[in-house]
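Okay, so here's the structure we're looking at.
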There are 2 protein chains.
Amino acid sequence: MPVTHRVAFSPSGRQGSVPDGARLLDAASSLGVEIESICGGRQMCGKCQVSVETGEFAKHGMVSRASNLSPVSAREQAYWDHHVRTEDRRLACAATVCGDLSIFIPPESAVHKQVVAKGAAERVIEVRPAVRQYYVECEAAQLDDRRGDWERLQKALHEQWGLHGLSIGLFALRQLQSALRDGGHAVSVAVWQGSEVLRVQPGYAEGVYGIAIDVGSTTLAGYLSDLRTGQLLSTAGTVNPQIRFGEDLMSRVSYAMTQSDGTARLHEAVVAGLNELIGECIRDAGVSPEQVLDLVLVGNSVMHHLMLGIDPSELGGAPFALSASGAFDLTVRDLGITAASPAARAHLLPCIAGQNGADNMAVLLAEMPHRKGGAVLVADIGTNAEILLGSRDRIWAASSPTGPAFEGAQIQHGQRAAPGAIERVRIDPGTRAVTFKVIGSDVWSHEPGAVLPATGICGSGIIEAIAEMRRAGIIRADGRFEERGAGFVIAAAHQTSIGAPIVVTQNDVRAIQLAKAALCAGIKLLMNRAGVTRLDEIRLAGAFGSFISPRHAMAIGMIPECEVTNVIAVGNAAGDGARIALLDRETRAQAPGLARMVEYVSIAVEPSFQDEFVAAMALPGGPAAGSAPERSRRERRRQLALAGAAARDGES
Amino acid sequence: MPVTHRVAFSPSGRQGSVPDGARLLDAASSLGVEIESICGGRQMCGKCQVSVETGEFAKHGMVSRASNLSPVSAREQAYWDHHVRTEDRRLACAATVCGDLSIFIPPESAVHKQVVAKGAAERVIEVRPAVRQYYVECEAAQLDDRRGDWERLQKALHEQWGLHGLSIGLFALRQLQSALRDGGHAVSVAVWQGSEVLRVQPGYAEGVYGIAIDVGSTTLAGYLSDLRTGQLLSTAGTVNPQIRFGEDLMSRVSYAMTQSDGTARLHEAVVAGLNELIGECIRDAGVSPEQVLDLVLVGNSVMHHLMLGIDPSELGGAPFALSASGAFDLTVRDLGITAASPAARAHLLPCIAGQNGADNMAVLLAEMPHRKGGAVLVADIGTNAEILLGSRDRIWAASSPTGPAFEGAQIQHGQRAAPGAIERVRIDPGTRAVTFKVIGSDVWSHEPGAVLPATGICGSGIIEAIAEMRRAGIIRADGRFEERGAGFVIAAAHQTSIGAPIVVTQNDVRAIQLAKAALCAGIKLLMNRAGVTRLDEIRLAGAFGSFISPRHAMAIGMIPECEVTNVIAVGNAAGDGARIALLDRETRAQAPGLARMVEYVSIAVEPSFQDEFVAAMALPGGPAAGSAPERSRRERRRQLALAGAAARDGES
């Protein structure tokens, strides 16, 4: 009977018998434990490092000793001579089993890695990239063998890695013969989706990188990762060069509609921005363009179309028809991206609807609200609020036209969130004394050391101001000021950099009322559609969502009632979703199915939206804070008239 | 019981019962008869024209009358009002069956068309192109339908044409929305290989063209065809611009090896040539670049690699390793071809071996020698002779290094086949009086009216001259002149344009002996390998093969004995093969399998080649014409020494 030993692997806990003399790599594989290897077990890549856990393991019925592994061979030693050895690490492809063993596989040696994206919300990302590297040894060309190098490489990849049905890109094909020559018939190849060879390098080589890019209408944000480890190596942001054709989306759509080459110019502008961004990412990380082989691009539907060079005109009005909603796999060459390898691939996530783009698809991938157990709302608030509601494995989505008020536009002293902007406001309900805090300062205005003068008020500041004004009785439930005037002063002239007080005007209150009513009505619609009466969790995505105070947002009725500790800022969920799609090809592959699964509610055609909108105009949270009184039909009719006036920007 | 009628279709002969009132198009389909339609039966394309054969058809048991078809409807009449109506043609998508009918489907209305390539050999080509056009009507975008236009088009193509799993190219995607708008939700799409939409045009549109290109080291030859009808619309030829880097293949390989950017420059040169050629083809045919959607490119292995931008260095010497032997489907964009639609595809046929390229693959597709019944040899003779031998469903191939002598190089008064070149020679065995004929002249030199002076002697001329010199006893079986001297005069000084006689020298005879021995030895090797002792047919491809006299070629032992009427010039088989691959995607798809099926004989490593070569040096067909005497071993040894001397270009 052949001699066998017990081998247990942690952390998986798998164990079993393996024959004496078996390589650890093979022993693990025979027990269904996958250890990483790029070189295919040739003691070159060092990716299969493991360590022996010594001691008595009663549950496995064995005593594990380091000496139960074969001694370090000359070849393994050659590897360690050139690499840093942590603790008593061994190469699983070199060490063989000669007694009972408990083997620890460190996370970096596992085939199925995970990385944690650290941000407002920590997300665990599975590392299953679309582009993987394989080291392979080919047969030499022979006079009586008329196959080409590529056919020999295909055979070797099939035999050594089980890959078959591969194609090869032109750029890899051009590298192939010299790489084989320089590598002595051994090459490292980068393979996309297990189907296409993108790159060939001589001998053993490492280094496959990818960049996830969130293409916003204002800002492009890039995240460069090592596709093998999943590690985030650099991030960069740059202004979307399209901004010179218009600040907001509609002006870009209008540029595309009215200029004969408008779409092409907008396409070229965003591509120029992408090239700049990619360049910044790789410079910061010390990565060469040739090493960047995969891109994931997300953006709203207008950005999605303009990246593809598609005229976005029809996204500018009903029925908001997308030219294409599906996911796209492209080459960077066809997009005009030159800052990455010419062999690189680019993937665009699908759009959910004409008004609910691939950026919200990325939010969906990052949040998966339908899988969290309760009724979970995710809102990404910008000029449009993109809303997802997940409940019992179903997903509803809508896009609500909040307008730019939350971003500080249409507000007399409004500004973007930047140093100097008032972001926190408190009003004493008794004295109506105001204190505030500006971005970039750690102290409140009444505390010692507050030197930074206020430059304006940003979205989160105006929300707090209005909530506090309402609580202090300065404004009424319908939004009107108790006392008419030029507005309520938040910062006195001497506290500002503009030589004048910063005030909240009646018009400002109206603008915020309209914006928050649109958001809240959209959420209510989705809740009605989903049969959800109360939210278990509200997750606020995006920069604005990270800064607002959940308590104040709820106080003005911007978001529905919810346990305040369950209102969570989740940061740049779109960027995280793009990173997830970059690192995890399986989640990427699920995106089109998820997009189809979403039950999209088109607010514009929803008959009840107007009612919900009107109902949401009111500002609860007044001095007698408590449950809102049941509104009579007469009162609702009055509010309808009021909303009409507000919508016309009228003020009496 | 429902009323039915008998309907018979010719030329297929299919017949059966169809219900009263059935559309002819559907009736045909139900009986397995396919009638062409681009518009999907909407009386727009007129591709389904048929006519009624009237009379009594005893074998079908019926009387067919034109009145057994429904009268021409207003909609059908609208079509005829705008189109020329041949005879009593009807649209099968409009006419319905109201009695027994015999229906004739003219060739142009058949789905499975054939075209006849007219040349030295007439070839029937099946028209089953890789790119086909479909007219399709889509649903309009709706506010509550969040699919994109592309998703709606996919659905329509699936429902109306049974196409599924389609992808769409970026260029088509950019055309899609405006095409749908301009076409009132109806578009015509061009689909490649039933899998990718390449082009979208508004409404009903026609016109998909392709170009087959034979990329020779000297000349590029293009053949533009209508991909629907298979019709050849124009041909063009242009010089391969690589020629400035060297006349012959080896000097180009050497340029690629020695210059750092040599491969890129050679690639750019051939691509520039392709662009020029495509431009010429489409100008001649009045076709726009956007209508050219498919290219098939063939060339020897060095051209194959240089078209792809692959360094051909390793093709310059043993083991003649190809970088890739397989077929390639590429976009013209990646190749740098700009003269066709940017959405166009390019297909490269596979190479058979490092010294037997895609051009010979095209010859194989055109000739299919293994399917002709007997033992059939195909030789495409140039600097290398590429040889195919088919017998009993097997194919053998070899490439024999004939050198450039057959093209007039290395011959004292040699020249390429061009006006003024001596192409025919006769010598009276008794008087040794010479008469000749030059290219561009219809009469022999001794006949009245022969005014064109000779400029040199081309390949076919030198073969006839040597055969006739041998028959007249001027040279011996071993190739030596009976009488030493400066050479044998073919044209006297007064008959030439060079002010001197045109002669055949001892060196010329040696050069031709070497070339024909290489060719013949290669053929013999293949015959030995195939176990073939006598050829049933010899098919000579290429320009040289079209001009030589089979009788003289056989007389000097250039080709093995064969019934002289079965030695056939088949013209530009490589070009015809490229056209076949362009028009018939099924044959194109068979090429890689055929290439693998070929049993390639690498002459350089074949031990018996040297013996065969030496044996083939002798010139049979002397004055005592008849069977060659059995050569003794001593005589063979003497010839071996002689061949060695000849190979060193020595002359005693």
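Readers should treat all values here as calculations from the given coordinates under stated rules, not as data from a laboratory. Worth saying up front: this structure is predicted, and the values here are computed from it rather than measured. Counting neighbours? That spans all protein chains shown, and the Cβs are built from the backbone with ideal geometry, glycine included.
Values for this structure:
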read-out: Förster radius 30 Å - calculated FRET efficiency between residue A:446 and residue A:551, Cβ distance, rounded to 0.05; value: 0.90
read-out: Cα-based helix-to-principal-axis angle, B:262-285 vs chain B, degrees rounded to 10; value: 60 degrees
read-out: Longest to shortest principal axis, alpha-carbon extents of the stretch B:4-109, angstrom; value: 38, 24, 23
read-out: Relative intensity, log₁₀ I(q)/I(0), of chain B from a Debye sum that treats every alpha carbon as a point, q = 0.10 Å⁻¹; value: -0.97
read-out: Neighbour net charge for residue A:457 - beta-carbon separation under 9 angstrom, K R +1, D E -1; value: -2
read-out: Given charges at beta-carbon only (K, R positive; D, E negative), |dipole| of the protein assembly as shown in Debye; value: 940 debye
read-out: Hits among lysines - C-alpha to C-alpha of residue A:47 under 16 Å, sequence gap 8 or more where chains match; value: A:113
read-out: Residues residue B:139 and residue A:536, FRET efficiency given R0 of 45 Å [Cβ-Cβ distance, rounded to 0.05]; value: 0.70
read-out: Partner chain coverage, peptide A:135-144 - average Cβ within 10 angstrom; value: 3
read-out: Relative contact order [Cα under 8 Å, 6+ residues apart], chain A, whole percent; value: 11 percent
read-out: P(r) histogram, all alpha-carbon pairs of the protein assembly as shown included - 10 Å bins from 0, percent; value: 2, 8, 12, 15, 15, 14, 13, 10, 6, 3, 2, 1, 0, 0
read-out: Ratio Rg/Rh [Cα only; Rh per Kirkwood] for the stretch B:85-212; value: 1.06
read-out: For the protein assembly as shown, with +1 on Lys and Arg beta carbons and -1 on Asp and Glu, the positive-most of A:391, A:264, A:515 along the dipole; value: A:391
read-out: Distance in nm between pseudo-label sites at residue A:329 and residue A:17 (7 Å out along the Cβ direction from Cα); value: 4.4 nm
read-out: Rounded to 5, the percent of DSSP beta bridges in the protein assembly as shown classed as antiparallel; value: 70 percent
read-out: Simple spin-label estimate for residue A:83 and residue A:476 in nanometres, 7 Å along Cα-Cβ; value: 7.6 nm
read-out: Calculated FRET efficiency for the pair residue B:590/residue B:431, C-beta based, R₀ 56 Å, to 0.05; value: 0.50
read-out: With Cα atoms, 0 to 90° folded angle of helix A:585-597 axis to chain A main axis; value: 40 degrees
read-out: Tail fraction, Cα-Cα pairs, the stretch A:161-219, threshold 15 Å, whole percent; value: 58 percent
read-out: Computed lengthening from residue B:500 to residue B:158, 0.36 nm per intervening residue step minus Cα-Cα distance; value: 115.7 nm
read-out: Alpha-carbon centroid distance for the pair the stretch A:525-597 / the stretch A:39-102, whole angstrom; value: 46 Å
read-out: Extreme residue, positive dipole direction of the stretch B:249-360, given options B:251, B:274, B:327 (C-beta unit charges); value: B:251
read-out: Order by protection proxy (mean Cβ within 10 Å, highest first), peptides B:489-497, B:45-53; value: B:45-53, B:489-497
read-out: On Cα atoms only, tilt of B:249-258 relative to the major axis of chain B in degrees; value: 80 degrees
read-out: Packing-based exposure ordering (other Cβ within 10 Å, fewest first) of A:597, A:62, A:307; value: A:597, A:62, A:307
read-out: The stretch A:434-497: relative contact order as a whole-number percent, Cα under 8 Å and 6+ apart; value: 34 percent
read-out: Volume of the Cα convex hull of the stretch B:249-360, divided per residue and given in Å³; value: 90 Å³
read-out: Spacing of the two label points (7 Å from each Cα toward its C-beta) at residue B:610 and residue B:492, in nm; value: 4.8 nm
read-out: The stretch B:276-349-the stretch A:253-305 distance, computed between alpha-carbon centres (Å); value: 30 Å
read-out: Peptide-level mean, for B:173-180, of C-beta atoms on other protein chains within 10 Å; value: 5
read-out: Spatially proximal lysines relative to residue A:516 (Cα-Cα < 29 Å; intrachain offsets below 8 disregarded); value: A:372, A:437, A:524
read-out: Chymotrypsin sites (Phe, Trp or Tyr not before Pro) within the stretch A:327-436, DSSP loop, no more than 10 other Cβ atoms inside 10 Å; value: none
read-out: Inter-chain shielding of A:352-359 (mean C-beta neighbours from other protein chains, 10 Å cut-off); value: 2
read-out: For the stretch A:383-446: rounded, prolate or oblate by the Cα gyration tensor [a/c cutoff 1.5]; value: prolate
